1. What is the order of 195, 411, 314, fewest Cβ neighbours within 10 Å to most?
2. Among 282, 215, 257, which residue has its Cα furthest toward the positive end of the charge dipole of segment 215-290, with +1 on Lys/Arg Cβ and -1 on Asp/Glu Cβ?
3. Counting Lys and Arg as +1 and Asp and Glu as -1, what is the net charge of the other residues whose Cβ lies under 13 Å from the Cβ of residue 206?
4. Can you put 80, 190, 290 in order, fewest other beta carbons within 10 Å first?
5. By how many nm would the segment from residue 62 to residue 90 lengthen if fully extended, with 0.36 nm per residue of separation less the alpha-carbon distance?
6. With respect to the cross-link table entries 121/289; 175/253; 149/402; 175/250; 245/273, which display a Cα-Cα separation exceeding 21 Å?
7. How large is ³J(HN,Hα), in whole Hz, for each residue of segment 363-372 in order, when computed from phi with the Karplus curve 6.51 cos²θ - 1.76 cosθ + 1.60 and θ = phi - 60°, using x for Gly and Pro?
8. By the gyration tensor of its Cα atoms, with a ≥ b ≥ c the square roots of the eigenvalues, what is the shape of segment 276-424: rounded for a/c under 1.5, prolate for a/b over b/c, or oblate?
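Derivation of every value follows stated rules applied to the coordinates shown; laboratory data play no part. Bear in mind the structure is a predicted one, so any value in this text is a computation, not a measurement. Heads up, the Cβs are rebuilt from the backbone with ideal geometry, glycines too, and the neighbour counts pull from every protein chain shown.
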Amino acid sequence: MEAKLAEFRKSHAQKQPSINWRTSVSRLTSIFSNSSKQSFETNVKKDEDESEESVSVINWQIILIKFFVWLTLFIIFIRIEFGAVYFIISLLYIIWSSLSAHRRRSNELSAYSVFNPNCEKIQGTFSAEDYDRQLRRGVKRLCNSSVIKYHWRPIVDDDYLRLPNFQSMIVAHIKDRRLTPEIISVINNIYPWTTSLKHIRRIHNSDILLYPLNFQQPLEQDLFEKYFDNETKIMNIPENPCLLKWQYDKCIKEHWSNIIFRENKIVEQSQLKKDLTENDEIILDLLKKIQDNDQDSRCAIIVDNEQQIPLVGTRDYRHEHPLQHSTMVAIDLLAANSIYSKENFLEKFLEKKEKKAYLLNGCSIYLTHEPCIMCAMALLHSRISNVYYLKENQHVGALGSKYKLHTLKKTNHRFTVYQLEQINLTDNLNTSE
Ligand SMILES: [Zn+2]
């Protein structure tokens, strides 16, 4: 399979025109340099101006002809007393045409590699080289520059955030503990202990769980009087095993005390909040730079976990095309444009057999906004390892707000999700006191 892939890539490389990567890198990096940004923009503008000058003359002529045709028709309709109808229909047409999506001109670059074969830099995208420049210059750290401190809050399955469901059971007090084996045998005949409740021990000290509160065939009165004290009580038992230590502690303290629980250190660890690393802070600064002072701008940066190198970064282009969300554009850029293909990193990536050849294996993505379902599924299919996002998306957020797609039991890939959260210093002071 790999030999075939190598053969395909070889033939593909021969077909492709050679790309001057260094030249394009210098253009890519121009976004973070004002002077080079201006010169780049001027060059592009010069080309555009020449072609657009002749086009604009023709456009004006067409508009004038259209206007005179419209005016002539308007006069005719006024004559036949349908002038008002004609005018209203014309207005509706103007409103409809101005609402339709902006069409990309033939010479305009797209964020999608399909319409941008050489993956030319467009404003708002970012590469590993940009990141390298930032490191050399020394970036201003988000967290160091501010008194507000942050950490990563894990977005976990709701089952970890709440107590299990409870079932009410009737509990009796055994008169003579020497009769316990006999009692268990009798009770098991009436209400056998199901395997779904194997995390619960039926007896605790001299108390025994008999049957559910609404059980239809309770123990006969004479047998009951033989084995148990007269008074019974009602106890809640968890229907499912406790997943975390805090759930177990609460259950045994407030409900039935004899519960089987094995603490899973990895699961416990996954619930903890994480401090920001220095690398996180750099990435957050880069996100801010790509946002370019627009707080609502949605941006994404994909990072290689092993090397700790950002591979691509981009803005959101959904105003140009409804599918060009920053996550989708970032994945597309990584697949088609990035250093993976241009510096033979793809070969190296595929050679890592233990990681398999999924695009985002061993990668994390940093997002300014929680991804929608489409983007979250794209990340899942590409086998992302970690998702970090800043702002939640209450309406369509698929990794915490509206849905928790990463916690679905039937998906074939698991990844962790964290949201940036401000540390409440007063809370910390209270707990340390
Ligand atoms: Zn999306």
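1. Values: 195 7, 411 13, 314 28.
By the 10 Å Cβ count, ascending, the order reads 195, 411, 314.
2. Value: 282.
3. On the way: positive: 175, 177, 178, 202, 233; negative: 176, 207, 229, 231.
That works out to +1.
4. On the way: 80 8, 190 14, 290 25.
Fewest-to-most Cβ neighbours within 10 Å comes out as 80, 190, 290.
5. On the way: separation 28, 0.36 × 28 = 10.08 nm, distance 1.74 nm.
Computed gain between residue 62 and residue 90 is 8.3 nm.
6. Numbers: 121/289 16 Å; 175/253 24 Å; 149/402 27 Å; 175/250 29 Å; 245/273 16 Å.
175/253; 149/402; 175/250, as the Cα separations exceed 21 Å there.
7. In residue order, the calculated couplings are 10, 10, 10, 10, 10, 6, 10, 4, x, 7 Hz.
8. Details: a/c = 1.41, a/b = 1.22, b/c = 1.15.
The shape class here is rounded.
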